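Just below is one structure, and these are the notes that go with it.
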Protein chains: 2
Amino acid sequence: MTGGVAVRQPYLTVGDLARASGVAPSAVRFYESHGLLTCERTAGNQRRFGKSDVCRTKVIRVAQRVGLSVAEIKALLAELPADPVLADWERLTISLMAEVNHRIRQLRSVLDEIASGEELCHLPPVDRAS
Amino acid sequence: MTGGVAVRQPYLTVGDLARASGVAPSAVRFYESHGLLTCERTAGNQRRFGKSDVCRTKVIRVAQRVGLSVAEIKALLAELPADPVLADWERLTISLMAEVNHRIRQLRSVLDEIASGEELCHLPPVDRAS
DNA sequence: CCTTGACTTAAACCAATGTTGAACTTCTAG
DNA sequence: CTAGAAGTTCAACATTGGTTTAAGTCAAGG
């Protein structure tokens with residue numbers, strides 16, 4: 001019979017994950033210490049990440065470009081199970097996109113506020129296009 | 001004959017400006033120390049701001065909501081003369097609006113990147129609307 | 001077995017954007 | 001003239017998002 005013990009998915013060291021996702025090892029440790037990433041430990045106390053953490057980390061960077069704080073990203077990633085399947089990633093990207101759209105709408109409302117002129121400097125309104 | 005010496009426009013103390021523009025006095029001092037605002041000094045070394053600094057300060061806060069750093073706002077305000085006329089304010093708001101539109105475009109490109117799925121997590125693309 | 005590179009933690013440091021406090025001065029109204 | 005409100009400077013603190021460094025441990029190849 002083929003073995004009974006759970007097959008380990010490919011485990012990554014801090015450096016592996018950092019290289020694979022394009023961040024510094026110190027950033028990986030920072031994210032883990034702030035709960036954005038989780039990992040197991042070897043007998044010698046070294047971190048071992050799963051393969052999906054490469055995607056997680058890439059999502060973290062994109063979310064930061066959108067303007068989310070580490071706390072907000074943590075909340076966002078809380079939706080994502082430890083071993084995500086395709087549908088989980090899809091739900092995550094949809095949440096993230098909703099957030100981006102929200103930020104875009106906010107910027108548009110600032111734009112309207114500026115364009116209306118009045119509130120800021122008693123100016124006559126201006127065409128708000130680029 | 002009507003007087004020869006320049007008539008002083010209404011001068012504002014730190015507290016006056018803070019109240020009028022809705023920021024803390026410490027923030028006013030911070031902006032002045034970083035060159036976003038300029039002021040004269042009384043014989044006793046106290047700051048006196050012009051009336052237009054109320055608008056300047058409001059612009060600073062709006063620019064911050066847009067995501068500009070203090071350094072960027074300083075650059076933006078460098079366009080604005082010490083005693084701005086309407087056209088100066090208009091040019092400023094147009095610059096600021098261009099900046100907002102730029103940030104909106106950036107967010108839209110992040111949105112496309114997320115929606116395309118591929119690069120982030122090898123996902124199939126997703127409808128990128130809200 | 002031993003060397004070497006990668007890992008560990010903790011703490012210090014950085015830049016940005018202010019706030020807070022101490023100690024002192026100035027301004028203004030009565 | 002004098003009390004009290006509001007101003008001054010300087011330095012320390014707070015928060016965010018990490019990086020750097022020190023001192024020491026682990027893992028893997030020869």
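Keeping to the stretch A:65-91, report how many residues are modelled with pLDDT under 95, in a helix (DSSP H, G or I) and open to solvent by less than 60 Å² (accessible area, probe 1.4 Å). Going through the stretch A:65-91 one residue at a time, the tally reaches 4. Of B:R61, B:R19, B:R48, B:R56, all but one fail to be basic (K, R) and open to solvent by less than 50 Å² (accessible area, probe 1.4 Å); the exception is B:R56. Here is the figure for the stretch A:15-31: residues that are within 11 Å of DNA strand D (Cβ to nearest atom) and either among the aliphatic types (A, V, I, L, M) or under 19 Å from A:K74 (Cβ atoms) (or both) total 9. The set of residues in the stretch B:78-93 being at the interface with chain A (Cβ under 7 Å from one of its Cβ atoms) and among the β-branched types (V, I, T) consists of B:T93 alone.
Residue count for the stretch B:36-59 satisfying the condition of being outside any loop (DSSP other than H, G, I, E, B) and polar (S, T, N, Q): 2.
Based on this model, can you work out whether A:G15 counts as over 19 Å from B:E119 (Cα atoms) and among the small types (G, A, S)?
Taking the combined requirement at face value, the residue satisfies it.
Selection of the stretch B:51-77 for residues being away from every other protein chain (no Cβ under 11 Å) and of a type in the set (S, T, N, Q) yields only B:S69.
Identify all residues within the stretch A:22-35 that are in a helix (DSSP H, G or I), surrounded by fewer than 19 Cβ atoms within 10 Å (Cβ to Cβ) and in contact (Cβ under 8 Å) with a residue 12 or more places away in the chain; write none if there are none. Correct list: A:R29, A:E32. Applying the set (1) over 26 Å from B:R103 (Cβ atoms); (2) more than 16 Å from DNA strand C (Cβ to nearest atom) to A:A75 leaves exactly one unmet item: (1). Of all positions in the stretch B:82-95, none carries a residue that is within 11 Å of DNA strand C (Cβ to nearest atom) and among the hydrophobic types (A, V, I, L, M, F, W, C).
In summary, B:V62 fulfils each of the numbered conditions (1) in a loop (DSSP other than H, G, I, E, B); (2) touching a helix residue (DSSP H, G or I) at 6+ places or on another chain (Cβ under 8 Å) with the single exception of condition (1).
Can you find a residue in the stretch B:94-109 that is open to solvent by less than 60 Å² (accessible area, probe 1.4 Å), more than 14 Å from chain A (Cβ to nearest Cβ) and either more than 30 Å from A:S52 (Cα to Cα) or in a helix (DSSP H, G or I) (or both)? Taking every residue of the stretch B:94-109 in turn, none turns out to be open to solvent by less than 60 Å² (accessible area, probe 1.4 Å), more than 14 Å from chain A (Cβ to nearest Cβ) and either more than 30 Å from A:S52 (Cα to Cα) or in a helix (DSSP H, G or I) (or both).
The values are calculated or read from the model by the stated rules, or taken from the named source; none is laboratory data. Just so it is clear, the structure is predicted and the values come from calculations on it, not from any experiment. Heads up, the Cβs are rebuilt from the backbone with ideal geometry, glycines too, and the neighbour counts pull from every protein chain shown. With ligands, DNA and RNA removed, areas are computed over all heavy atoms of the protein, side chains included. Shrake-Rupley method; radii C 1.70, N 1.55, O 1.52, S 1.80 Å.
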